[in-house]
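Working notes, structure below.
The values are calculated or read from the model by the stated rules, or taken from the named source; none is laboratory data. Since the model is a prediction, treat every value here as computed from it, not as a measurement. Positions of Cβ are backbone-derived with ideal geometry, glycine not excepted, and every protein chain shown enters the neighbour counts.
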Amino acid sequence: MTRPPIVSEQEWRSARDALLVKEKQLTRALDDLAAERRRMPMVRVDKDYRFAGPDGTRSLGDLFEGRDQLIVYSFMWHGAEEFCSGCAMFTDNIGHLAHLHARDVSLALVSTGPLAEIMPYKQRMGWTIPWYSAPDGEFNHDQGAGDGFALNVFLRDGEDVYRTYVTSGRGVERLGSNWTFLDLTPYGRQETWEDSPDGWPQSAPYHWWRLHDEY
């Protein structure tokens with residue numbers, strides 16, 4: 001196996017500093033991308049989608065759970081005997097939802113499988129994320145998931161719901177922390193350092209952060 005060269009501490013530090021310049025450039029580029037995302041146009045969702053949950057049938061508006069922003073991950077479903085390991089890995093890496101809730105964001109999973117198969121799997125995995133069944137596949141088809149997976153973001157204004165963002169493939173692969181999820185939402189992290197549209201909610205960074213059971 002060919003290994004990178006072994007160098008002195010000074011040479012290593014020089015190489016690390018050079019890489020850090022590129023890392024900071026990428027961080028700033030991602031900040032600029034998130035700022036552009038917050039200014040993307042939106043499209044109204046006019047269809048009356050219906051989702052089956054443990055407490056009965058829900059509308060897309062109900063999935064917001066009273067909040068103004070919603071992230072929906074369409075979890076690929078091939079039957080109870082063939083769970084999607086990639087979707088499971090993604091779900092395993094979702095942070096505690098209390099931190100998203102603190103920024104007015106709800107997150108839910110949606111699958112085309114029947115609720116009677118979804119719930120035992122959810123319990124087996126130890127997941128507490130709300131998970132709904134949409135067996136007709138219309139929501140997944142309309143929102144870019146098809147028979148696979150995708151992540152969509154929505155904004156609610158009164159009774160109106162708007163789709164603001166979608167990603168799939170490797171765009172989903174790089175997600176999985178509260179920060180990257182918040183960067184996808186219309187309001188972002190809602191911190192004063194961010195470049196956001198005028199009037200967007202913002203507060204000082206660090207000060208709003210809590211242990212997830214202290215919000």
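General remarks:
- Set VAL110, VAL105, VAL72: member being touching a Phe, Trp or Tyr at 6+ places or on another chain (Cβ under 6 Å) and hydrophobic (A, V, I, L, M, F, W, C): VAL110
- Extreme residue, surrounded by the fewest Cβ atoms within 10 Å (Cβ to Cβ), among residues of region 87-108 that are within 17 Å of ALA134 (Cβ to Cβ) and of a type outside the set (Ser, Thr, Tyr): CYS87
- Number of positions in region 106-145 that are over 20 Å from LEU184 (Cβ atoms) and small (Gly, Ala, Ser): 7
- Residue within region 100-110 that is basic (Lys, Arg) and at pLDDT 95 or above present: yes
- Taken over region 50-86, the residue count meeting the criterion of being surrounded by fewer than 22 Cβ atoms within 10 Å (Cβ to Cβ) and among the hydroxyl-bearing types (Ser, Thr, Tyr) is 3.
- Those residues of region 157-186 which are in contact with a Phe, Trp or Tyr (Cβ under 7 Å, 6 or more places away or on another chain) and closer than 14 Å to LEU107 by Cβ, in sequence order: VAL172, LEU175, GLY176, LEU184
- Some residue of region 70-84 being in contact with an Asp or Glu (Cβ under 6 Å, 6 or more places away or on another chain) and either of a type in the set (Phe, Trp, Tyr) or assigned to a loop (DSSP other than H, G, I, E, B) (or both): yes
- Evaluation of THR57 against (1) farther than 30 Å from SER196 by Cα; (2) assigned to a loop (DSSP other than H, G, I, E, B); (3) of a type in the set (Val, Ile, Thr) (one fails), failing number: (2)
- Residue check, ILE118 under 28 Å from ASP48 (Cβ atoms), within 13 Å of the chain's Cα centre (by Cα) and either assigned to a strand (DSSP E or B) or modelled with pLDDT of 95 or more (or both): no
- Enumeration of residues in region 96-133 that are in contact (Cβ under 8 Å) with a residue 12 or more places away in the chain and on the phi > 0 side of the Ramachandran plot: ASP104
- All positions within region 172-215 that are surrounded by 13 or more Cβ atoms within 10 Å (Cβ to Cβ), in contact (Cβ under 8 Å) with a residue 12 or more places away in the chain and not in a loop (DSSP other than H, G, I, E, B): VAL172, ASN178, PHE181, LEU182, ASP183, LEU184, GLU191
- Selection status of ARG39, at pLDDT 95 or above, under 30 Å from PHE139 (Cα atoms) and surrounded by 11 or more Cβ atoms within 10 Å (Cβ to Cβ): yes
- Residue check for TRP179: at pLDDT below 95, under 18 Å from the mean Cα position of the chain (by Cα) and not hydroxyl-bearing (Ser, Thr, Tyr): yes
- Residue pairs meeting the criteria (Cβ under 6 Å; at least 6 apart or on separate chains; first in contact (Cβ under 8 Å) with a residue 12 or more places away in the chain, in region 29-54; second of a type in the set (A, V, I, L, M, F, W, C)): VAL45/VAL161; TYR49/LEU60; TYR49/PHE139; PHE51/ALA134; ALA52/LEU115
- With respect to the stated conditions, MET89 fails to be out of contact with any Phe, Trp or Tyr (no Cβ under 8 Å at 6 or more places or on another chain), farther than 18 Å from LEU151 by Cα and of a type in the set (A, V, I, L, M, F, W, C).
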